[in-house]
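Everything on this sheet refers to the single structure shown next.
The values are calculated or read from the model by the stated rules, or taken from the named source; none is laboratory data. Fair warning: this is a prediction, and the values are worked out from it, not measured in the lab. Positions of Cβ are generated from backbone atoms using ideal geometry, with glycine treated the same way; all protein chains shown enter the neighbour counts.
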Amino acid sequence: MSDAALSRPLLELDTVVKTFGGVTAVGGLSTRVTRGSVHGLIGPNGAGKTTLINLITGLFHPTSGAIRFEGRSLEAMQPQAIATLGITRTYQNVRLFSGMTVLEQVMTGCWLTREVGVFASFLGLPSARAAWVRTREHALSLLARVSMDHRADELAETLSYGEQRRIEIARALGSRPKLLLLDEPTAGMNHQEATAIGRLVHELRDAGLTILMVEHNMGLVTEFCDDCTVVNFGRLLATGDPATCLADPDVQEAYFGRKTDAERIQALR
Ligand SMILES: Nc1ncnc2c1ncn2[C@@H]1O[C@H](COP(=O)(O)OP(=O)(O)OP(=O)(O)O)[C@@H](O)[C@H]1O
Ligand SMILES: [Mg+2]
């Protein structure tokens, strides 16, 4: 890749609008995600965060505006084509397949890296068998990366919420994405589990991945995000480094309401 391409933002949102009937979920939002960063997407409930992830992954198409990934327009593309470009996600409410083991869940995420066709698989040809073994090894290595390899043969639905979220992350890594979108990856976790997710996200970034994560825990955003974008009512409130964004009076007001300085300090304690 050329130096110019490398220095360009990996993901750019340009005046993106998404309306559902009379509701404007995203109202002309622009932001950019730097390659190799952990970028926090934050904002109060109903701010439009999940809608943005749905737009980036092609589940929804924007009403207007542009979404570019490595300079390429995504607005009219279908989810599978976007995944093929290197964007995968996890969901706000964990979505795992019932009746499947942890390892099988992660193997389903490796579909994009399959090297053999359906017929070879159907006929059980040696090439298909060898590819299956490689996929299994890849899935096991991803489970090790999220510290879940010791659970490989268990049914995913029997595991804790925090463990299921880790499996979802491993599954999203199966297709070797460039950009990973995490929708509230620490929801329902205690402080220790949430911090472990923060560390995992850093390890993934250090291995070359770019991560955009929706996060409500401001302590985690400050500790683990390189940049952030704050939205409210589908509009940009602030973007930049987390400490500066969170100190922004508009951001404070969106989270805590209009308060005196003393009340704000108290609320942050
Ligand atoms: N498929 C949809 N159909 C209609 N309205 C929708 C749809 N998806 C989202 N909305 C609306 O868009 C707005 C933004 O919702 P969204 O789920 O993106 O918010 P969010 O920031 O992810 O909130 P939360 O923190 O609660 O997850 C809300 O008013 C919501 O009701
Ligand atoms: Mg949401």
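Quick check: anything in segment 197-204 within 16 Å of ligand 1 (Cβ to nearest atom) and touching a Pro at 6+ places or on another chain (Cβ under 7 Å)?
There is no residue in segment 197-204 that is within 16 Å of ligand 1 (Cβ to nearest atom) and touching a Pro at 6+ places or on another chain (Cβ under 7 Å).
Among 89, 68, 72, which is the only one that is among the basic types (Lys, Arg), surrounded by fewer than 12 Cβ atoms within 10 Å (Cβ to Cβ) and modelled with pLDDT of 95 or more?
From the options 89, 68, 72, the qualifying one is 72.
Which residues, counting only those in segment 126-151, are over 12 Å from residue 104 (Cα atoms) and either surrounded by fewer than 16 Cβ atoms within 10 Å (Cβ to Cβ) or outside the structural domain of residue 165 (by TED's automatic domain parsing) (or both)?
Passing the criteria: 126, 127, 129, 130, 133, 134, 141, 144, 147, 150.
Can you tell me which of (1) more than 25 Å from residue 102 (Cβ to Cβ); (2) touching a helix residue (DSSP H, G or I) at 6+ places or on another chain (Cβ under 7 Å); (3) of a type in the set (A, V, I, L, M, F, W, C) is the one residue 180 doesn't meet?
(1)
Among 183, 226, which is within 16 Å of ligand 2 (Cβ to nearest atom), touching a Ser or Thr at 6+ places or on another chain (Cβ under 8 Å) and touching a residue at least 60 places away in the same chain (Cβ under 8 Å)?
183
Do any residues in segment 29-50 that are near ligand 2 (Cβ under 9 Å from one of its atoms) have Cβ atoms under 8 Å from those of residues that are polar (S, T, N, Q) and assigned to a loop (DSSP other than H, G, I, E, B), where the two are at least six apart or on different chains, and which pairs are they?
Here the result reads 50/92, each pair linking segment 29-50 to a residue that is polar (S, T, N, Q) and assigned to a loop (DSSP other than H, G, I, E, B).
Can you pull out every residue in segment 172-196 that is within 14 Å of ligand 1 (Cβ to nearest atom) and of a type in the set (A, V, I, L, M, F, W, C)?
181, 182, 187
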